[in-house]
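The numbers here are math on the coordinates, done by the rules we state, and not lab data. The shown structure was predicted, so the numbers you read here are calculated from the model rather than taken from an experiment. When we count neighbours, we look across all protein chains shown, and the Cβ atoms used for this are built from the backbone with ideal geometry, even at glycine.
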Amino acid sequence: MRSGPLGSGDERSAHAAELHFDDARLRKNLLVLGIVASPVGVLIALFLEFMVQINYVWGGINHGGGAAGPQIVAIVLGLAATIPALIAGIRALKDRASVGMAWAATVVSSIGLLAVVLLIVVPAFDVLPRAARDERAYREQQRQEELDDLESGYGPGSAERAGERMQQYVADALETLGTSPAEVEKRTWFSTGTTGAGNRCREYHERIDLPANVDSAEAQETLRESWGSEGSGRSFFERQGALELNVFSADSTITYVSGENQLLVASDCIAVATSR
């Protein structure tokens with residue numbers, strides 16, 4: 001009658017011993033990983049920091065924002081490579097488990113953490129604010145250059161002028177299709193937005209509904225032949241159910257949509273000049 005309880009106790013003891021062994025093996029593996037991974041992670045983080053500093057010295061990152069990313073990655077990588085290993089080493093020393101490896105992990109991760117703090121975290125207090133200032137200055141330069149380009153004379157300079165320049169192409173398309181402006185329904189409007197550089201911009205839009213006597217299949221074939229033979233300063237594209245003629249000098253596109261039997265004109269979002 002005693003064999004049952006004794007057997008049950010032996011199983012529990014064996015199970016507890018197995019768990020203890022597994023825990024010790026896991027802790028040992030973590031210490032080994034910390035000893036190996038900590039210096040490797042620190043070296044990679046220091047290399048990133050070195051590249052950030054070199055680029056600043058040489059002026060390679062002149063828009064500023066390029067320094068912030070590598071700097072933050074270096075900080076995160078350096079701390080992630082050292083702090084977990086340091087915690088694991090201290091806990092192992094406290095529990096007097098794998099003492100030799102625990103000391104090694106603690107010393108290696110402590111030295112690595114000190115290097116990260118002195119060579120990466122401390123310089124970040126200068127790099128990150130400076131990167132933010134340089135980024136703002138770069139964006140402002142981009143916005144001003146975009147506004148200066150409005151006065152170059154090559155582009156239309158405004159959405160209104162883009163619409164004006166496209167009227168000749170609208171008239172040519174209507175003539176090619178054998179119809180007149182009096183036979184079509186036309187609607188024009190503008191939309192506003194923001195350019196990639198951050199300037200306020202406007203787009204010109206025009207929709208021309210062709211009369212019912214214009215056959216869409218014939219119109220598509222006629223415009224394909226006409227627009228496809230256009231010369232420099234223009235580009236022709238064909239996609240499913242539409243033909244597009246891009247006019248570079250007007251920063252605009254005229255599109256024939258066969259399913260709707262419409263001509264659509266749309267300009268790029270052209271920056272709005274501000275008074276100086």
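Size descriptors for the stretch 189-246, from the alpha-carbon set: Rg then Dmax equal 15.6, 45 Å. Using only side-chain charges placed at the Cβ, +1 for Lys and Arg and -1 for Asp and Glu, the dipole size of the stretch 159-271 relative to its Cα centre rounds to 520 debye. The Cα center of the stretch 136-185 and the Cα center of the stretch 228-259 differ in position by 14 Å.
By the equivalent-ellipsoid construction on the alpha carbon gyration tensor, the stretch 106-221 comes out with semi-axes of 58, 19, 11 Å, ordered largest to smallest.
Look at 101, 51 and count the other Cβ atoms within 10 Å of each Cβ; fewest to most, that gives 51, 101.
Hey, fewest Cβ within 10 Å first, where do 189, 103 land in order?
Values: 189 9, 103 14.
Taking fewest neighbouring Cβ atoms as first place, the list is 189, 103.
With the simple model of a label 7 Å out from the Cα in the direction of the Cβ, residue 236 to residue 107 spans 7.8 nm. With the largest listed first and rounded to whole Å, the semi-axes of the equivalent ellipsoid of the stretch 159-271 from the Cα gyration tensor are 25, 15, 12. Between residue 149 and residue 175, the modelled labels are 3.2 nm apart [label points 7 Å from Cα along Cα→Cβ]. Each label point was placed 7 Å from the Cα along the Cα-to-Cβ direction; for residue 93 and residue 121 their separation is 1.8 nm.
What do the square roots of 5 times the Cα gyration tensor eigenvalues come to for the stretch 236-276, in whole Å, largest first, as semi-axes of the equivalent ellipsoid? Values for the stretch 236-276, descending: 27, 11, 6 Å. The mean sequence distance of close C-alpha pairs (under 8 Å, at least 6 residues apart), as a share of the length of the stretch 159-271, puts its relative contact order at 31 percent.
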